[in-house]
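The values are calculated or read from the model by the stated rules, or taken from the named source; none is laboratory data. Please read all numbers here as calculations on a predicted model, not as lab measurements. Virtual Cβ from ideal backbone geometry, glycine too; neighbours counted across all protein chains shown.
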Amino acid sequence: MPANHPPPSSLPPFPDRAYYTLSNSTIPDSTYDILSSLEASICTTHPNLQRKWESESNLGFEATRFGGRVGAGSEGKWIGNVHLQNIIKDTTNKTQTNSTPPPTSPPTPVRVKHNKRMLSLDSGLTPSDVSAWVVRCLKTLNTTSLHVTCQPKLDGVSLSLVYGGGKLLRAVTRGNGREGEDVSKQARFVKGVLPFVKGGDYKDGETEVRGEVIMGRGNFEGLKGGYSNARNAASGVLRSWKGGVSSHLGKLVFIAYDGPGGMEEEGFFVPTPERSVFIDGGGVEELTEYHEELGRKREGMEFEIDGVVYKVHDAGEREALGYTSRAPRWAMAHKFPALEAVSRLEKVEYAVGRTGAITPVIVFGEVEVGGVKVRKATGNNWGMLRAVLGGEPRVGDEVYVERAGDVIPKVVKASNLGEGERVGVEEPKGCPSCGGGVGYEDIGDKEEGKVLRCLGPFRVCKDR
């Protein structure tokens, strides 16, 4: 990588800022994880590049996630005096026009420093990543056994609640880990955020409770606003900057995961560890079995999860393991295989079903989604095809592919950035199988609800 190039995690379209500040993911989580891993490898092998990035960007430690940035970084400039905001504006102007636009940027929010840094979690995707974490813990603790608790990794927004004198003083998002956005007014309407507490631990000085704000699948499905997933919706609603309080705040739930003892008795919702595992000798089979089990159940859960969190149980061992600049060494996130991926459009084919329905099939470069390799997705009908791909898609356009559980993959949006030949999205004039006539059957009020069918004799059309 050239020495005058920004670090991978800050490359346009600046996924940190889009994810944490604009509540609108610009790349799949799997792609982001790859960029972060690449950055860590570069910083480890070439620390001089990390120092150069920190100095010439005017961002210091926030120049890289490896260096300690958690969440969206502050404003700064990269080499060539190109301001971050200008590049972000440029990439925003190139957003595709055939999908619901993301929320616009809010005015400058009120920033508040955290009493103690809010860290992220190191993550892994494979059993070998989990094994490496366990081995590091055992080696540091100079032991052969380890007690680990496992629980679902909620896919939400990190929030810090600060109490003093028995009442809520402020609520602050994670932000860059050192300071976040004050959302105290909004947080009071979130289910699970307690305005008052009674326990003695909350009386003297300031006491902090940290957790995750999430939105249930049902609430997200009925929500409008251009959010791509429930996590982004939770962030957008919590950070509502329009006058007054959003009516959607009541659809959010705060789950506390770090604070004084007795949080559950106080009235906070707390995640109960789903499983305790006693590791003897470094084997991680029970951990990975739980990960696979939860992966099979995730689509039936009320809230979205994106992996499993493993934590060393003993408080003394946690203290001995300590922290890196951005994450605790005594915990890790074991991510699930990505349920979304980005590929490149190749062409559109036709398929004739047994009922005579003629549907478009979107063909793209092979990608792995949800642990399965795919290169085709149905477009259902031509109205939906045009709604997703746009009126004039071309070979090379970026397509975003999703697959949930055992559901057939589907293309959910596209970016018309390709420079190849134009890809046809028009209906065939005749049946691709038998050459017979075709006609529409309406199953809805919009173009997206029309189904094209073969009108030829059943026995003549070989694909029926």
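Results for (1) touching a strand residue (DSSP E or B) at 6+ places or on another chain (Cβ under 8 Å); (2) basic (Lys, Arg); (3) not in a strand (DSSP E or B), shown as yes or no for each residue.
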site	(1), (2), (3)
326	no, yes, yes
332	yes, no, no
338	yes, no, yes
342	yes, no, no
358	yes, no, no
362	yes, no, no
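Taking the criterion of being farther than 21 Å from residue 337 by Cβ, surrounded by fewer than 20 Cβ atoms within 10 Å (Cβ to Cβ) and at pLDDT 85 or above, the residues of segment 354-377 that qualify are 357, 359, 361, 363. Just one residue in the set 274, 293, 286, 340 is exposed (fewer than 15 other Cβ atoms within 10 Å of the Cβ) and out of contact with any Leu (no Cβ under 8 Å at 6 or more places or on another chain); that residue is 293. Residues that are assigned to a helix (DSSP H, G or I) and within 30 Å of residue 168 (Cα to Cα) within segment 262-297 comprise 263, 264, 265, 266, listed in sequence order. Among the residues of segment 344-356, those that are in a strand (DSSP E or B) and within 29 Å of residue 441 (Cα to Cα) comprise 345, 346, 347, 348, 349, 350, 351, 352.
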